[in-house]
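Structure first, commentary second.
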Amino acid sequence: MPVQPRIKGISDVRRLPRLGKIRLGIKLVKQTPTGTVEYPKEVDYFVCPPEVQAIYGEKPKSLDVMFPPADETRFFSQQYKAYVQQGLRCRGDGERADRRVADLVWTRKKDGKILDDANARLLQELPKEADHNARVEIGCRDPEKGPGCPLVDEGVCRAQGVLFVILPKISMGGVYQITTGSWNNIVAMNSIVDWLRASTPPFNRVVLVPFVLTREPEEIEYEGKKSTHWLLKPRLPYTLEDMIKLQGSAQALFAPTERLALPAPVDDGPDDTPGAVLVEEDSPEAARAEAATTIPQPAAPAQAPPAAPPAPAPPQPAQAHYPPTRWELGLLEELGKAITVPGVDMLWDRQYPTIETKPAPVRERLTQAFKARLDAIAARAKPPAQGEPPPAQGRIL
């Protein structure tokens, strides 16, 4: 048989691209005497890329989705994960975990306290000259077989689910990633998978079934305190007749998709809103996020009117109120690397939805920075030869 124009193990691989990430919260930016602090905040809507906002609005609370054609362990992976500043260092399934050799003895950075020494839980022999970046198997959190992992008890390691979905009204050409650390969200998505399988015998169809994914409020009590969280709720808009029709179309849909694989999950960090839109703490957006997770309290008894508040301090210049945040400094660094007008335009288009959420002084500052970069590129450009069109000027308004 002649050599075939295909490579075994490569040419037969198919993979759906990741089109973007959909987040469940934002990051607030707080100015402190020691610098800028960022922290996550849950919101009551999906934080979506621009192409999704164009169809569902800026702050959608429901999306039309489908599970992609893959096993549920691929389109909804779930693991315990522990991070350090440089990235993911330990992940486990509740019984076994793999951890970096250098992190077998896990210390707390601020005071050097040892949180976990996993050498006693090694499930394989550690070579004498082991690479510090190599990963080894250890016992994970399994309360039935002994004490749980101290990193879970300390809150350093947390359960995380990574969900891939297709948004059929946006594109059938790839998947969007939703990451959640909520126990309730993980249970809800696992439940809809099993329910779909039970509802479509004999094909046990789970993938490519359109349903609605919503954000809905639920009051949750933790350590004696109640708070409202906006959880993922899958909704099936089907009657019994609709489900019977889905059964009949399953075989035709599954046959062409058997070899499709999904991209590897992006591990951004331990919080639920990695890389989310940054919002100044005292902005209207921050106030709406705070209101979305606050339970109304009963009105307090009437009291004597309070004393008149002190006179407000004289207003400070806008620049003093909004020093550059880490996000802004990163954007300006990326802008400085853009050496062509199309490059600047692409960066502007990608970051404009975030820039638009900033206070007016910050928006103006960033707009001027982009214009200055275009001017610098134009100044270095050679004058066009006779008969040639002038160089592009950029489209930043």
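So which pairs qualify, if the first residue must be in the stretch 336-350 and free of Cβ contacts under 8 Å to residues at least 60 places away in the same chain and part of a loop (DSSP other than H, G, I, E, B), the second must be surrounded by 13 or more Cβ atoms within 10 Å (Cβ to Cβ) and aliphatic (A, V, I, L, M), the Cβ gap must be under 7 Å, and the two must be at least 6 apart or on different chains?
338/344; 338/347; 339/377; 340/377
Can you name every residue in the stretch 35-59 that is touching a residue at least 12 places away in the same chain (Cβ under 8 Å) and either of a type in the set (Lys, Arg) or part of a loop (DSSP other than H, G, I, E, B) (or both)?
41, 48, 49, 59
Among 386, 303, 316, which is the only one that is at pLDDT below 55 and more than 28 Å from residue 28 (Cβ to Cβ)?
303
Do the conditions hold for residue 57, that is, is it on the phi > 0 side of the Ramachandran plot, assigned by TED's automatic domain parsing to the domain that holds residue 174 and under 20 Å from the mean Cα position of the chain (by Cα)? So that I can check it myself, show each step before the final result.
Details: on the phi > 0 side of the Ramachandran plot: yes; assigned by TED's automatic domain parsing to the domain that holds residue 174: yes; under 20 Å from the mean Cα position of the chain (by Cα): yes.
In short, yes.
List the number of the failed condition for residue 130; all other conditions in (1) farther than 30 Å from residue 176 by Cβ; (2) without any contact (Cβ under 8 Å) to a residue 24 or more places away in the chain hold.
(2)
Kindly indicate whether any position in the stretch 98-106 is in contact (Cβ under 8 Å) with a residue 60 or more places away in the chain, surrounded by fewer than 20 Cβ atoms within 10 Å (Cβ to Cβ) and within 28 Å of residue 176 (Cβ to Cβ).
no
Does the stretch 249-268 include one or more residues that are modelled with pLDDT of 70 or more, under 23 Å from the mean Cα position of the chain (by Cα) and outside any loop (DSSP other than H, G, I, E, B)?
No: the stretch 249-268 contains no residue that is modelled with pLDDT of 70 or more, under 23 Å from the mean Cα position of the chain (by Cα) and outside any loop (DSSP other than H, G, I, E, B).
For every residue, the table says whether it meets (1) over 25 Å from residue 129 (Cα atoms); (2) surrounded by 13 or more Cβ atoms within 10 Å (Cβ to Cβ).
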| site | (1), (2) |
| --- | --- |
| 73 | yes, no |
| 80 | yes, yes |
| 85 | yes, no |
| 88 | no, yes |
| 95 | yes, no |
| 111 | yes, no |
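Against the definition (more than 30 Å from residue 44 (Cβ to Cβ), surrounded by 11 or more Cβ atoms within 10 Å (Cβ to Cβ), charged (D, E, K, R) and at pLDDT 55 or above), how does residue 380 come out, yes or no?
Numbers: more than 30 Å from residue 44 (Cβ to Cβ): yes; surrounded by 11 or more Cβ atoms within 10 Å (Cβ to Cβ): no; charged (D, E, K, R): yes; at pLDDT 55 or above: yes.
Judged against the criteria, residue 380 is not a match.
Can you tell me which residues in the stretch 146-161 are surrounded by 10 or more Cβ atoms within 10 Å (Cβ to Cβ) and modelled with pLDDT under 85?
Listed by number, the residues that qualify are 147, 148, 149, 150, 152, 153, 154.
So which of 117, 153 is farther than 27 Å from residue 72 by Cα, within 25 Å of the chain's Cα centre (by Cα) and free of Cβ contacts under 8 Å to residues at least 40 places away in the same chain?
153
Quick one: which residue in 50, 68, 5, 40 is within 25 Å of residue 237 (Cα to Cα) and of a type outside the set (Gly, Ala, Ser)?
One residue alone meets the criteria, 68.
Can you tell which of 138, 166 is part of a strand (DSSP E or B) and either exposed (fewer than 11 other Cβ atoms within 10 Å of the Cβ) or assigned by TED's automatic domain parsing to the domain that holds residue 24 (or both)? It would help to see each step written out before you state the result.
On the way: 138 fails: either exposed (fewer than 11 other Cβ atoms within 10 Å of the Cβ) or assigned by TED's automatic domain parsing to the domain that holds residue 24 (or both).
The match here is 166.
The values are calculated or read from the model by the stated rules, or taken from the named source; none is laboratory data. Quick caveat, the model's predicted, so the values are computed rather than measured. Neighbour counts run over all protein chains shown; Cβ positions are idealised from the backbone, glycine included.
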